[in-house]
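The values are calculated or read from the model by the stated rules, or taken from the named source; none is laboratory data. The structure displayed is predicted, hence computed values, not measured ones. Positions of Cβ are generated from backbone atoms using ideal geometry, with glycine treated the same way; all protein chains shown enter the neighbour counts.
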Amino acid sequence: MEFIQVNNQYKKHVALINLNRPKELNALNLQLMGELRDALKALDEDDNVRVIVLTGNEKAFAAGADIKQMAGKTAIDMLNVDQFSTWDQIKKTKKPLIAAVSGFALGGGCELAMTCDMIVASETAKFGQPEIKIGVMPGAGGTQRLTRAIGKARAMELVLTGKFISADEALGYGLVNKVVPTEMYLEAAVDLALEIAQMSPVAAKLAKESVNRAYETHLDEGLHFERKNFYLAFASEDQTEGMKAFVEKRKPEFTGK
Ligand code: CO8
C-alpha cells in the first residue's frame with residue numbers, strides 16, 4: 001500500500017487506517033481509493049477486527065478528489081474509469097467505520113467522511129463541498145448525504161457557494177458526533193471505537209445495516225427490515241450470552257458468533 005497505512009491491531013478489536021499522501025493533503029487519487037477499498041474489505045473479513053477508524057493527519061483528512069488527476073479528463077474518460085464502483089464497495093463495509101477528522105475534509109474528503117458511520121472532529125476541522133469553485137459539483141454522494149445530514153437549506157448553501165464550515169458549525173448542524181481539541185481527535189475516535197468494540201459484533205453489523213436502511217427506504221419498509229435484523233440477532237450466541245449475563249449480573253463476553 002503506497003497511499004494508506006493499515007494497522008489491523010491498533011487497539012483491542014480496533015483497526016486504524018491512515019490516509020497517507022500528506023504533501024497533497026491526502027487528495028484522493030484512484031490508487032489511494034483502490035487501496036482503501038481493498039483494506040476495508042480485508043478488515044471486514046478479519047475476525048479480530050470489530051470497528052475501523054479512518055483518519056488522515058492533523059492538517060487534512062482529505063482535500064478532495066485529486067484535481068490534477070481529473071483535470072484533463074472527458075466525460076467518457078470519467079465514465080470508463082468508473083471510480084464510483086470503488087465508493088460503492090466502500091459503502092458495503094459491514095463493520096462500524098468511524099472517521100477521525102482534523103483539518104480539511106473537502107469535496108471527496110467530506111464525502112468520504114460522510115460515507116463513514118460517525119465523524120469525530122478536531123476543533124480545527126473544516127468541512128465543505130467546494131467543487132463548484134472548480135466548475136463541477138459533488139459526485140461521490142455530497143448532494144445526497146450532506147442534504148440528509150444537515151438539511152436542504154444548509155446543504156444548498158455549502159454546495160452552491162463552496163464555503164467551508166468549522167467543526168463547531170458541523171457539530172451544530174448534526175454532521176459530526178463530537179468536537180475535541182486537536183491533540184485528542186484520534187484518541188477520541190478510538191475511544192468511541194473501543195466502546196463499540198465491546199458490544200456484540202453481530203448486533204453491531206445488524207444495527208448499522210438497519211440504521212443505514214433508514215436513508216434508503218420509506219418507514220414501513222425500514223421497520224420491516226429492522227424487525228428481520230432484530231429476529232436475526234436471536235440466532236447469535238452473543239444474544240444468548242448478552243441476556244444471560246444481564247440476568248446473572250455480570251459483564252457479557254461477546255465473541256461475534
Ligand atoms: N487535488 C490535488 N492536489 C491537491 C488537492 C486536490 N484536491 N488539494 C490540495 N492539493 C495539493 C496542492 O496542489 C498543493 O500541491 P503543490 O504543493 O504541489 O502545489 C498541496 O496539495 C498543498 O495544497 P495548498 O498549497 O493549496 O495548501 P493550502 O493550505 O494553501 O490550501 C486548500 C489548502 C484550501 C485545501 C487548497 O489546497 C484547496 O482548495 N484544495 C482543493 C479543494 C477542492 O477543491 N476539493 C474538491 C476537489 S473535487 C472533488 O473532490 C470531487 C469529488 C467527487 C468525486 C470523488 C472521487 C474521488
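The table below lists the values:
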| quantity | calculated |
| --- | --- |
| Which numbered condition residue 78 fails, given (1) of a type in the set (A, V, I, L, M, F, W, C); (2) in a helix (DSSP H, G or I); (3) buried (at least 16 other Cβ atoms within 10 Å of the Cβ) | (3) |
| Members of region 61-75 found to be assigned to a helix (DSSP H, G or I) and away from the ligand (no atom under 13 Å from the Cβ), listed by number | 75 |
| Complete set of residues in region 85-98 that are touching a residue at least 40 places away in the same chain (Cβ under 8 Å) and either among the polar types (S, T, N, Q) or within 15 Å of the ligand (Cβ to nearest atom) (or both) | 86, 87, 89, 90, 93 |
| Residue in region 4-21 that is away from the ligand (no atom under 15 Å from the Cβ), farther than 24 Å from residue 121 by Cα and modelled with pLDDT of 95 or more present | no |
| Filtered residue count, region 130-186, keeping only those that are crowded, with 19+ Cβ neighbours inside 10 Å and charged (D, E, K, R) | 2 |
| Residues that are aliphatic (A, V, I, L, M) and either within 13 Å of the ligand (Cβ to nearest atom) or in a helix (DSSP H, G or I) (or both), drawn from region 99-120 | 105, 106, 112, 113, 114 |
| Top-ranked residue of region 39-56 - restricted to ones that are in contact (Cβ under 8 Å) with a residue 12 or more places away in the chain and charged (D, E, K, R), ranked as surrounded by the fewest Cβ atoms within 10 Å (Cβ to Cβ) | 47 |
| Among residues of region 242-257, those that are part of a helix (DSSP H, G or I) and crowded, with 17+ Cβ neighbours inside 10 Å, counted | 1 |
| From the options 45, 24, 58, residue that is within 8 Å of the ligand (Cβ to nearest atom), over 19 Å from residue 135 (Cα atoms) and not aromatic (Phe, Trp, Tyr) | 24 |
